[in-house]
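Contents: one structure, followed by commentary.
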Amino acid sequence: MMRLLNYTRAELIDYVQDNFAKGEYYGNALFRELYGNLDRGRDRESNPAFASFYKTITQQFPLPPLTEKIEEEGTVKFLLQMGDGYSSESVLIPMKNYSTLCLSSQIGCRFGCSFCATGKMGYIRNLSTAEIVAQVMIALFSLNCKDLQNIVFMGMGEPFDNFDNIIRAIDILSDERGLNIPKRRISVSTAGHCEGIRDLSGLCESRPEDYYHTLHLSVSLHSAVEDTRNSLMPMGRQYPLDELRQTLLDSPYSQVKDGLYIEYLIIPGLTDRDGEIEALKGFLEGMQAKINLIPYNPVKGSPWKAPTNEEINRIWNSLKTAGFYCRTRRSKGETMMAACGQLGSRRNKNEHTG
């Protein structure tokens, strides 16, 4: 099954025709059987010949094994072991009436944000389209998640550093003949990768029929002061704040409701200072952005502590008074290292460092 998850529906039809001399019906039926929440099993039950074909082809390409599952108050972190021995980490997060799945796009990350455990691993490799889609398949059909509603690319890695594969994964996940997860339920998070933002904006213009403009763009800003941001996020040296701001202003996501979310990490004594908050307000001028305030989650060896509720409320009130929509994003899974900035398995670290 694993190789099959690399293919969009049209590509899967071609693959079945080229490799098994089967017609379009088989390709479409295979896609439905792989992904269809409601239709799964229907084609096998009604067509014995297809059932035999399905069994043969899926046995050739099994899903990666679920090697570890840790659960805390409903939040589930799970690891999938890939063929080269490395593991991806994903987090299934229960909300009030639905679940959100946090996906990884890379093993490690090349950008090395100082507050992020994944960045400390360094960059190992991109995940393939199949390895991204497999995280969703495991959540749905192995962990038996019945209420999955939102997909967020906020796990290990910088999604726009693996642009082609995440776009293909989004196309597969949103296909109406498969899982049919609408693009408006999918968020892509970036540390400020301007080239990736521009490429995604270009897709909105060149392929309007594919609804990329309904995706949510989430930008990990964390500081609107150049020196502070550069000390936290080395990517800031590659894409300075002026360039990032103009890229966002030029993007369709900053001009529509619910299009752009700004992630702002509250680190006491650093990003919570009055000058930092005023700079944030100036950076967002002219954008219809919503601000997610994220209390810092301590990682091993970090010099910073988590903010108090009083510190969080002070910033929230300042932004609210200035007319900004903001909310505090309370992380789940801190003690099992599944919260924001904490993904990066010990197995991966040991293998990478020898």
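Counted by Cβ distance under 14 Å from Glu276, the other residues give a net charge of -2, where Lys and Arg count +1 and Asp and Glu count -1.
Overall shape of segment 209-250 was characterised from the C-alpha gyration tensor. The equivalent ellipsoid obtained from it has semi-axes of 25, 11, 8 Å, in decreasing order.
Computed from label points 7 Å out along Cα-Cβ, the spacing between Lys257 and Glu176 is 2.4 nm.
Within the chain, DSSP assigns beta bridges of which about 40% are antiparallel (rounded to the nearest 5). Using the alpha carbons alone, the radius of gyration of segment 202-289 stands to its Kirkwood radius in an Rg to Rh ratio of 1.01. Considering only Pro268, Pro65, Pro303, the mean-square fluctuation computed in a Gaussian network model of the chain, springs between alpha carbons under 10 angstrom, is largest for Pro303.
Projecting the alpha carbon convex hull of segment 66-353 along each direction and taking the average yields 14.3 nm². Rounded to the nearest 10 degrees, the inclination of helix 9-20 to the longest alpha-carbon principal axis of the chain is 40 degrees. Given their separation in residues at 0.36 nm each and the Cα-Cα distance between them, Asp199 and Glu11 gain 65.4 nm when the chain is fully extended. Seen from Leu249, the other residues with C-beta closer than 13 Å to its C-beta sum to a net charge of -2, counting Lys and Arg as +1 and Asp and Glu as -1.
How tilted is helix 241-250 with respect to the longest principal axis of the chain? Cα atoms for both, answer in degrees (0 to 90, nearest 10). Result, in degrees: 50. Seen against the Cα atoms of the chain and their longest principal axis, helix 163-174 is set at about 60 degrees. Sorted largest first, the spans of the alpha carbon positions of segment 3-60 along the three principal axes are 25, 21, 21 Å. Distances between placed amide hydrogens fall under 5 Å for Arg125 paired with Ile107, all partners being 5 or more residues away or on another chain. With R₀ set to 35 Å, the beta-carbon distance separating Glu72 from Asn309 gives a calculated FRET efficiency near 0.95.
Could you list, in their original order, any pairs among Lys77/Lys290; Lys96/Lys305; Lys96/Lys290 whose Cα atoms are separated by more than 30 Å? From the list (Lys77/Lys290; Lys96/Lys305; Lys96/Lys290), the Cα-Cα distance tops 30 Å for no pair.
Positive contributions from Lys and Arg (+1) and negative ones from Asp and Glu (-1), summed over other residues with Cβ under 14 Å from the Cβ of Asn230, come out at -3. Once the chain from Leu249 to Tyr211 is taken as fully extended at 0.36 nm per residue, the excess over their C-alpha distance is 11.7 nm.
Every number in this text was worked out from the coordinates using simple rules, so none of it is lab data. As the structure is a computational prediction, the values presented were derived from the model and not from experiment. Here the Cβ is made from the backbone with ideal geometry for all residues, glycine too, and neighbour counts use every protein chain on show.
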